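Colleague: Can you read through this structure? Questions will come right after.
The values are calculated or read from the model by the stated rules, or taken from the named source; none is laboratory data. Bear in mind that the values here come from a model prediction, so they are computed numbers and not experimental data. Don't worry about glycine lacking a Cβ; one is built from the backbone with ideal geometry, like all the others, and counts go over all protein chains shown.
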Amino acid sequence: MDVTSDRSSPRNRTREEIFRVMQGGGALTRARLVEATGLSRSTVNHAVTRLIAEGRVTEGDPAVKGPGSGSGRPAGVLRCVPRRTNSAALDFGHTHVKAAVVDGSGHMIAQRRADLDVDHGAADAMDAAADMLGALRRDHDVDALSTVVVGIPGPLDSASGLVRSPTILSSWVGLDPRRELEHRLGLRVHVENDAVLGAYGELRRGAGQGYTDFLYVKVSHGIGAGMVLGGEPYRGSLGFAGEIGHTPLPGYTELCRCGRRGCLEAVVSVSSVMAQVAHTHPGLGPGASPLEQPDDPTTRRILNDAGRMLGGVLSVLSNLLNPAALIIGGELGATGGPLLEGVASAVRRDAQPAIAASLDIVPAQLGENAELVGAAALAGTMALRPGGAVRGRGGGATPGRAV
Ligand SMILES: [Zn+2]
């Protein structure tokens, strides 16, 4: 039903005014609406009947009639029906861009992916994302979009909205991705760190369902953690919480893209593990992924060692936060067994025994799509709220930081 048509007549303007009062006032009865608007009972009744017929308002659960309430219509409680609109999700990885159009429930209608050097080509990556979203909208006949939720793989200052750290996302530093993308898309944009979105995806649709406190760790070309504490994503005072990839590992000297040596992600990332596997399998041709040989004993040992190093860092975090689960995702997380066994053995060795004993160490369920699924779920949630405002911990960057 087209509820936007013909709202200019006096009667319709009155109805819209009543609807706005209801949007601002939570659950109301007809009697309260009469009081709140100063309009006559018959005007309010007429408008409410039309709003119910339009599907914008429901009336239910008549309140128990108390003494003196008369014999008239029961005091039904009126509620606005959340308006479900389509939205969109974008996920920038270090080497890919994904785009999706999203339905009113936060589920993806369709998605696309392109492989790109996102780290060194911010403008090109954002242009590509805008083109992909445009193509998706045309192909799937998705016209109006309420909001676009975007994940980026680097530190985002929640106060300024600017990307920080000159060495991690070099071409993005000082950029305001929200403003850049709003300019390209002509739509309202909300930007998050990608690990936060991965954690939110697992919380809403994956392995995090049923947990209120967990760490989601994306082990890919970089390593980042997204935290869910008390059922909500936790971002820290400026939005940088979970940047564990550049934790120094004592005794390691591998050069990291941040310019320092021995960082966790220089030792454990996909590229580092693939280089180790290729080094021990000189017979594999160029382009072959050694990670596609999960049963090979040497590959298993390399993955297990990587898991132990990751688990050492996660043990410290577990002692600090006492999460119920570690959810391991990203491309290396998807390799499963040996990596997770390595994490578990390090946790058993390094974490407090009571903490280790109660900790589930599980693979992410959404695989490489966790960030995009999380962006879609958040976009669906934002689309339900007037103005798209979001609430929770964090605070800061517009149009609201938290989930
Ligand atoms: Zn580093």
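Colleague: Can you pull out the strands (runs of 3 or more DSSP E) entirely within segment 205-278 that have at least 1 residues that are closer than 18 Å to Gly374 by Cβ, touching a helix residue (DSSP H, G or I) at 6+ places or on another chain (Cβ under 9 Å) and within 15 Å of the ligand (Cβ to nearest atom)?
Modeller: Of the strands (runs of 3 or more DSSP E) lying wholly inside segment 205-278, those with at least 1 residues that are closer than 18 Å to Gly374 by Cβ, touching a helix residue (DSSP H, G or I) at 6+ places or on another chain (Cβ under 9 Å) and within 15 Å of the ligand (Cβ to nearest atom) span 214-219, 223-229.
Colleague: Further question on the same structure: Could you check segment 194-234 and list, in sequence order, the residues that are crowded, with 24+ Cβ neighbours inside 10 Å and among the basic types (Lys, Arg)?
Modeller: The answer is Lys218, and nothing else.
Colleague: Give me the pairs, please: first residue somewhere in segment 243-256 and charged (D, E, K, R), second residue anywhere and more than 9 Å from the ligand (Cβ to nearest atom), beta-carbon distance under 7 Å, and either six or more positions apart or on two chains.
Modeller: These pairs meet every condition: Glu243/Pro155; Glu243/Gly224; Glu254/Val267; Glu254/Ser272.
Colleague: If you take the residues in segment 151-163 that are over 13 Å from Gly222 (Cβ atoms) and out of contact with any helix residue (DSSP H, G or I) (no Cβ under 9 Å at 6 or more places or on another chain), which one is modelled with the lowest pLDDT?
Modeller: Ser158
Colleague: Would it be correct to say that His190 is away from the ligand (no atom under 15 Å from the Cβ), outside any loop (DSSP other than H, G, I, E, B) and surrounded by fewer than 16 Cβ atoms within 10 Å (Cβ to Cβ)?
Modeller: no
Colleague: Test Glu331 against the criterion of being farther than 30 Å from His120 by Cα, away from the ligand (no atom under 16 Å from the Cβ) and charged (D, E, K, R), and give yes or no.
Modeller: Considered against the rule, which asks whether it is farther than 30 Å from His120 by Cα, away from the ligand (no atom under 16 Å from the Cβ) and charged (D, E, K, R), Glu331 comes out as no.
Colleague: Right, here's the next one. In segment 28-44, what count of residues is obtained for those that are within 15 Å of Gly76 (Cβ to Cβ) and surrounded by 14 or more Cβ atoms within 10 Å (Cβ to Cβ)?
Modeller: Within segment 28-44, residues that are within 15 Å of Gly76 (Cβ to Cβ) and surrounded by 14 or more Cβ atoms within 10 Å (Cβ to Cβ) number 8.
Colleague: Of the numbered conditions (1) touching an Asp or Glu at 6+ places or on another chain (Cβ under 8 Å); (2) of a type in the set (Gly, Ala, Ser); (3) buried (at least 22 other Cβ atoms within 10 Å of the Cβ), Ala306 satisfies every one except a single condition; which is it?
Modeller: All conditions pass for Ala306, except number (1).
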